[in-house]
Amino acid sequence: MKDQRKMFLRFAVIASFTALATIAAAQQQPAPLKVAKLADNVYWTQGGAGGNTGIIVGTTGVIVVDTKTTVDSSKEVQAEIAKITPKPIDTAIVTHSDGDHVNGLAGFPAGLTIISQENCKKEMEASAGTRGAAPQDRLPTKTVAKDETMMIDGVRVRLLHWAPAHTSGDLMIYLPVQKIVFAGDVLVTNRPDTNIHVDKQGSVAGWMENVKGMIALDADTYVTGHGDLMTKDDAKKKLAYIQDRWDKVKAMAAQGKSLDDVKTAMGESTAPPVANAQGNMPAPTVTEVMYNEVKKGS
């Protein structure tokens, strides 16, 4: 009975903190939208509702990389673009299918050329009828498989996908002349590790493959999906951190350690996950994803 009481109190405390965190997150307002110049005719934005966005001004039009979560926030981005150039926005490239990167498409003009990785389009189509679904009248009009270089509005753009990483359809946008990479959520600075959407067939092994590919590019600046810019050295450090964790998890799994054993060794809680206020269970941690991947591959 005493053990049961302790267990009940433990879960009650976890539930209380989870509820408070959920309320705080719901009350938090997005940071104001800020625009900064990266190179001639290349800009990026932080703030607003959703992930970071890119703005590339071409000879005849404007390319937007990712489009925020809401129509209002996408309109904010368009208003900032109008301050930079009178040229029309005619192309949007989306780095992956998460709503905070594609749902703002609903606020852009009809007839926009929308480019994505082919699996991203499938994920956007599959979201129809679900909460936070991608706008079905703004689906990608052109898709890329692995590696394609094109001229858009006079700008040389290389679009790359090495493997499923954050999602199954991540797309890196590389500007070779400006030496800039838009990495989407494959690279972020708002958390020490990374987020892998298992429900979208994401993969830690694939994440490492993508980051290795980006590091091999002749690039100096990496625009993250969330947080601050990264340098090549920053990307290398992030890769080394994830690789080290991967190697440790793989070694322990090979020794027959359980997931709880591994999480304990990595300094993580083994308490059962707790649903948030909406009844949704938290996504698996990177350690959990790693463990399941290495066990599956063994």
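Nothing in this text is a laboratory measurement; each read-out follows from the coordinates by a stated rule. Just so you know, these numbers come straight off a predicted model, no measurement behind them. Every residue, glycine among them, receives a Cβ derived from its backbone with ideal geometry; neighbour counts consider all protein chains shown.
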Once you have the Kirkwood Rh of the range 194-285 from its Cα pairs, apply Stokes-Einstein at 20 °C and 1.002 mPa s and quote D in µm²/s. 138 µm²/s
Potential extension, Arg131-Tyr241 segment - 0.36 nm per residue separation minus Cα distance: 36.2 nm
With just the Cα atoms defining each centre, how far is the range 40-92 from the range 216-231? Give it in Å. 18 Å
With the cut-off at 23 Å, tell me which of the pairs Lys122/Lys142; Lys146/Lys248; Lys179/Lys237; Lys68/Lys237 have Cα atoms farther apart than that. Lys146/Lys248; Lys68/Lys237
For the chain, what percent of Cα pairs sit more than 33 Å apart? 27 percent
Nearest 10 degrees, 0 to 90: what angle lies between the long axis of helix 204-215 and the longest principal axis of the chain (Cα atoms)? 40 degrees
Over the range 51-147: Rg over Rh, Cα atoms, Kirkwood Rh: 0.95
Relative contact order %, the range 137-220, counting alpha carbon pairs below 8 Å whose residues are six or more apart: 27 percent
Excluding same-chain residues fewer than 8 positions from Lys295, which aspartates and glutamates have a Cα within less than 15 Å of its Cα? Asp247, Asp260, Asp261
Among Thr95, Thr194, Thr45, Thr189, which comes first, then next, by fewest other beta-carbon atoms within 10 Å? Thr189, Thr194, Thr45, Thr95
Taking the alpha-carbon distance from Lys83 and a cut-off under 16 Å, which lysines remain once sequence neighbours fewer than 8 residues away in the same chain are dropped? Lys34, Lys37, Lys75
Alpha-carbon centroid distance for the pair the range 274-298 / the range 111-140, whole angstrom: 25 Å
Using only Cα atoms and rounding to the nearest 10 degrees, what angle (0 to 90) does helix 286-297 make with the longest principal axis of the chain? 80 degrees
May I ask for the angle, rounded to the nearest 10°, between helix 2-27 and the longest principal axis of the chain, with both axes built from Cα atoms and the value confined to 0 to 90°? 10 degrees
Would you calculate the separation in nanometres between label points at Val274 and Asp260, each defined as 7 Å from the Cα along the Cα-to-beta-carbon direction? 1.9 nm
Enumerate the amide H contacts of Ala92 below 5 Å, restricted to partners 5 or more residues apart or on another chain; note that Pro and chain-start residues carry no placed amide H. Val64, Thr113, Ile114, Ile115
Relative contact order computed over the chain (Cα-Cα under 8 Å; 6+ residues apart), in percent: 12 percent
Unit charges on C-beta of K, R, D, E only; dipole of the range 33-229, Debye: 240 debye
